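Each reported figure results from applying straightforward, stated rules to the coordinates on display, with no laboratory input. Note that this is a predicted model, so its numbers are computed, not measured. Positions of Cβ are backbone-derived with ideal geometry, glycine not excepted, and every protein chain shown enters the neighbour counts.
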Amino acid sequence: MIELQGLTKRYGDKTAVDNLTFTVRPGVVTGFLGPNGAGKSTTMRMMLGLDNPTAGNVRIDGKHYAQLSEPLKYIGALLDAKAIHGGRTAYNHLLCLAQSNRIPRHRVDEVLDTVGLTAVAKKRSKGFSLGMGQRLGIAGALLGDPEILMFDEPVNGLDPEGIHWIRNLMKGLAAQGRTVFVSSHLMSEMALTAEHLIVIGRGRLMADTSMAEFIEKNSRSYVRIRTPQPERLKDVLTAAGFTPVTTSDGTFEIQDGDAAQLGELAAQHQLVLHELSPQRASLEEAFMQLTAESVEYHAGGVAPPPGIDGGAAGMPQAAGQQAPQQQWGAQWRDSGTGKGK
């Protein structure tokens, strides 16, 4: 279990982490989400004693990280896949970690096999791809067979097979009763992996809830209904107290409607339905909705002209604002790559 109490970190007048209090519990994969600059990496570094908090504290199974005599046996972490001595082989890198924490040598072979690096165990890590480096970092986290595991962007550089593997690995570790804490910007992958979410924005806690509750609370749910008898269906829905909204393709959207109830209503009036489907937002949509006001780094809103990365003409712009195509052209020329330079 990881417990944060009033955790705060300031750099001069900049508050990176602001009075964070939450608990990461065993038995589930807990996702750690937030926009760039939200303070996720700083929080994870403080958990591992790499940064000292300005205020508050973190406890790993009731102890501060510095109080753990052999920390790899309590908590394993992957924060930076590149934090490896390039001149060492994969085997020797893990052996050094094992010897520093009195971990048996046979564990090196076991974790290399677990992450699929046995065939390159004697190769120097400087020649590893990003995905191989990620696997080696995960091996290091697993080395002490800890009850707590923490991963920061663990799927970076992994191919589809690797992503599927790490997803099932994290779920399997949680199923064993371990504490699994993972940070990622890949919302689609997080939706498949995490059961609980911790969301922060500008260093402050924004949500501490289950995945299902988070999506339900921060998104709009509705039911889509499509029929060859739209006018009759609209009258029936209105008479029943619903407010159907017609979309551009002629489908009705019923806010907060129950699909089973709407289907029975249509059947009672002998209406043919071609579609009856409840719709809920994705994790990405719910996350964007919650954190819209907490995003610190915004893109400039520059769109490419037609023919470049799918840009389209006729995009609206505010009065007096340069058209997106003109903005792109100016930046392209100024970059030194355009012919207008």
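The ellipsoid equivalent to the alpha-carbon distribution of the stretch 220-279 has semi-axes of 15, 13, 11 angstrom, derived from the gyration tensor eigenvalues as √(5λ) and listed largest first.
Between the C-alpha center of the stretch 206-280 and that of the stretch 108-168 there is a gap of 45 Å. Judged by the mean number of other Cβ atoms found within 10 Å, the most tightly packed of the peptides 252-260, 136-144 leads the ranking 136-144, 252-260. When peptides 177-190, 117-130 are ranked by their average number of other Cβ atoms within 10 Å per residue, the highest-first order is 177-190, 117-130. Pairs spanning more than 19 Å between alpha-carbon atoms, out of LYS9/LYS40; LYS40/LYS63; LYS40/LYS126; LYS14/LYS40: LYS40/LYS63; LYS40/LYS126.
Dividing the Cα radius of gyration of the stretch 2-216 by its Kirkwood radius returns 0.96 for Rg/Rh. The P(r) of the stretch 1-108 has a tail past 17 Å containing 61 percent of all C-alpha pairs.
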